[in-house]
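Asker: What follows is a structure written as structure tokens; I'll ask about it next.
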Amino acid sequence: MVKGSILIMSNVRVRFAPSPTGFFHIGSARTALFNWLYARHTNGTFILRIEDTDKERNSDEFLQVIYNSLRWLGLDWDEGPQVGGDYGPYLQSQRNDIYQKYLKILADKGRTYEKDGAIWFKLEGERYTEYDEFAKKDIEKVRAKPQLIHDMIRGDVERAEDRDFVIYRANGEPVFHFVNVVDDIAMKITHVIRGEDHLSNTSKHCELFRAFGVEPPVFAHIPLILKQEGSGKMSKRDRGALIEEYQKDHYLPAAVRNYLCMLGWSPKDDREIMDIGEIIELFDFPGIQQKNARFDEKKMAFFNSEYVKALPLETLAWLARPILTEAGSITENTDEDYFQEVLMVAKPKISSLKDLPALLCYFFNENYATVEDAKNRVFKKGDPIARLTEALPALERLNDWTEDSIHAVYDAVASEKGQKNTDYFPVTRLAVSGLAGGPDLMPTLRVLGKEKVIARIRNFLEKNK
Ligand code: GLU
């Protein structure tokens, strides 16, 4: 906790322990986030450990995606690859000596044996045989003492293992359960926060901890994330599941992070869009829900639009420039003052940075397309060409090009012709932008400037004679 200006570190040590066997998805990101939040809340240490013992399924590409996605989300780790720490190396593939040392500890305690080339962990308890319907043979079982699992979300549960299990494969590779527990001991992990899918492994893990003579850490198994429709668990293949997609679509990372916080946690007062500093202050296990969370793409987009609207203009301009440049809407020569003026006018209508080129390209180019749908909508009602033809000379005569005076021109023409001013607006917008919607019209006309507006209207009338 921060007390006065002195930062006191707590002894809380949590870890995010991904296996680089696939792209980084929402579920992993949420697990990483909850560990990070808990570490920041307690002034503890957030460790990144890469569980890459499965050589066949790991890839360096996936590893880079993990680093990249965590950094994009702002989940900085205190110990781990790229940053180091006192308990490294932080890649399991580099920790073989440590595993051998720990294997020897178990062997010396008589808790291992070899069978079929593999090394097994031996449970303690009375042994008996039972016919297994599935395997169609007698198998040896053990009446082992139930393991007490202290879980901050599910409460205390007791589960017993009834069969010995492999900790080193015949090919010499250590098994997940073994390295996972060894590292949690060696790295002095105090709280294991992970997905509920690991709950079924936890009694094995507790067996191993206690075999080493170490009390298991506190567990917090967080509920699953269900996909948008149906009852299934969100998987990497589901739409919207990969963090990289949001990155590519120019989502704001703070918005994605805020949304992920609410997938299974809540401050219990209905608030959802919250500053990360406040979330860190409030985040704790009692706020984590027991029921599964459901992923909602629309809600994520809503969070993003709220964050976009809250951006200071300069930040928005700084983020928008590369996006519009890449789309060919602007060049590096585009005037910054004009650029910021456009963004200021458009800001209330921007819900995602990805849409910027479609929304704004006509502010910077004469060769904008007229959207067919927009045209059909405008031409469905009244006589838009007649209206625009009436407005043109009055606009041409206007010298004081302000929002109020442009509006006054429309009012005057409309009343002279016995029409409503709103009969003139959609067709004007279509003529100057090719669209049926967008930022407010008067500010749009003002920012475009008289010269462009008149030229575009003339051009439009010419084409639609
Ligand atoms: N490598 C495991 C996974 O990817 C980590 C399990 C744990 O956090 O203990 O799910």
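The numbers here are math on the coordinates, done by the rules we state, and not lab data. All figures in this text were calculated on a predicted structure; none of them were measured in a lab. Backbone-built Cβ (ideal geometry, glycine too); neighbour counts: all protein chains shown.
Asker: Of all alpha-carbon pairs in the chain, indicate the percentage at a distance above 33 angstrom. Don't skip to the answer; put the middle values down first.
Answerer: On the way: 57651 of 107880 pairs.
So the pairs more than 33 Å apart make up 53 percent of the total in the chain.
Asker: Still on this structure: Tally Lys and Arg at +1 and Asp and Glu at -1 over the other residues with C-beta under 10 Å from the C-beta of residue 316: what net charge comes out?
Answerer: It works out to a net charge of +2.
Asker: Moving on. Which three lengths, in whole Å and largest first, does the stretch 74-201 cover when its Cα atoms are put on their principal axes?
Answerer: 52, 36, 27
Asker: Sticking with this one: Length gain on complete extension for the stretch residue 173 to residue 349, per 0.36 nm per residue less the alpha carbon to alpha carbon distance?
Answerer: 57.8 nm
Asker: Highest mean first, how do 247-259, 53-65 rank when packing is the count of other Cβ atoms within 10 Å averaged over residues? Before the final figure, lay out the partial values.
Answerer: Values: 247-259: 19.2, 53-65: 14.2.
Output ranking for 247-259, 53-65: 247-259, 53-65.
Asker: Please give the peptides 454-463, 191-200 ranked by average Cβ packing (other Cβ atoms within 10 Å per residue), highest first, as a rough proxy for protection.
Answerer: Highest to lowest by the protection proxy: 191-200, 454-463.
Asker: If r is the Cβ-Cβ distance from residue 154 to residue 54 and R0 is 30 Å, what FRET efficiency results, to the nearest 0.05? List each step's numbers first, then the result.
Answerer: Numbers: r = 28 Å, r/R0 = 0.93.
The pair residue 154/residue 54 has a calculated efficiency of 0.60.
Asker: Name the long-range amide H neighbours of residue 152: under 5 Å, sequence gap of 5 or more, or other chain; modelled H, no Pro or chain starts.
Answerer: 219, 220, 221
Asker: Would you mind counting up the charge near residue 101? Only other residues with Cβ under 13 Å from its Cβ, with Lys and Arg at +1 and Asp and Glu at -1.
Answerer: Combined, the nearby Lys, Arg, Asp and Glu give -1.
Asker: Given 20 °C and 1.002 mPa s, how large is the Stokes-Einstein diffusion coefficient of the stretch 258-397 in µm²/s, with Rh as the Kirkwood radius over Cα pairs?
Answerer: Details: Rh = 18.9 Å.
D = 113 µm²/s.
Asker: Starting from the amide H of residue 112, placed 1.01 Å from N in the peptide plane, find each other amide H under 5 Å away whose residue is 5 or more places distant or on another chain.
Answerer: Under 5 Å from the amide H of residue 112: 122.
Asker: When we measure straight from the Cα of residue 450, which aspartates and glutamates land under 12 angstrom away, once same-chain ones fewer than 8 places off are left out?
Answerer: Here the aspartates and glutamates satisfying the reach criterion relative to residue 450 are 396, 400, 403.
Asker: Say each of residue 43 and residue 386 gets a label point 7 Å from the Cα, pointing the same way as Cα to Cβ; how far apart are those two points in nm?
Answerer: 7.6
Asker: Straight-line reach from residue 465: which lysines have a Cα under 19 Å away, not including same-chain ones fewer than 8 places off?
Answerer: Correct list for residue 465: 375, 380, 381.
Asker: Using a ≥ b ≥ c from the Cα gyration tensor of the stretch 306-352 (square roots of the eigenvalues), is it rounded, prolate or oblate, where a/c under 1.5 gives rounded and otherwise the larger of a/b and b/c decides, a/b for prolate?
Answerer: Prolate.
Asker: From the backbone phi of the stretch 145-150, what are the Karplus-calculated ³J(HN,Hα) couplings (6.51 cos²θ - 1.76 cosθ + 1.60, θ = phi - 60°) in whole Hz, Gly and Pro given as x?
Answerer: 5, x, 8, 7, 10, 8
Asker: To the nearest µm²/s, what D does Stokes-Einstein give for the stretch 1-155 at 20 °C and 1.002 mPa s, using the Kirkwood radius over alpha carbon pairs as Rh?
Answerer: Answer from the Stokes-Einstein relation: 112 µm²/s.
Asker: Further question on the same structure: Which far-off residues, 5 or more places away or on another chain, put their amide H under 5 Å from the one on residue 168, with H placed in the peptide plane?
Answerer: Amide H neighbours of residue 168: 119, 175.
Asker: Another question, if that's okay. May I ask you to list the aspartates and glutamates whose Cα is less than 16 Å away from that of residue 236, ignoring any residue fewer than eight positions away on the same chain?
Answerer: List returned: 61, 197, 244, 245, 296, 297.
Asker: Could I ask something else about it? For the ranges 22-28, 12-18, 313-319, what's the packing order if you count other beta-carbon atoms within 10 Å of each residue, average per peptide, and put the highest first?
Answerer: Highest to lowest by the protection proxy: 12-18, 22-28, 313-319.
Asker: May I ask you to evaluate 6.51 cos²θ - 1.76 cosθ + 1.60, the Karplus curve with θ = phi - 60°, for each residue of the stretch 170-181 and list the ³J(HN,Hα) values in order in whole Hz, giving x for glycine and proline?
Answerer: The phi angles translate into 4, 7, x, 8, x, 8, 2, 4, 5, 5, 4, 6 Hz.
Asker: What list of ³J(HN,Hα) values in whole Hz, one per residue of the stretch 385-400 in order, does the Karplus curve 6.51 cos²θ - 1.76 cosθ + 1.60 (θ = phi - 60°) give from phi, with Gly and Pro shown as x?
Answerer: 5, 4, 5, 5, 5, 5, 6, 3, x, 5, 5, 4, 6, 6, 9, 8
Asker: Which links in 104/145; 347/420; 227/298; 101/188 stretch past 19 Å when you go from one Cα to the other?
Answerer: Pairs exceeding 19 Å: 104/145; 347/420.
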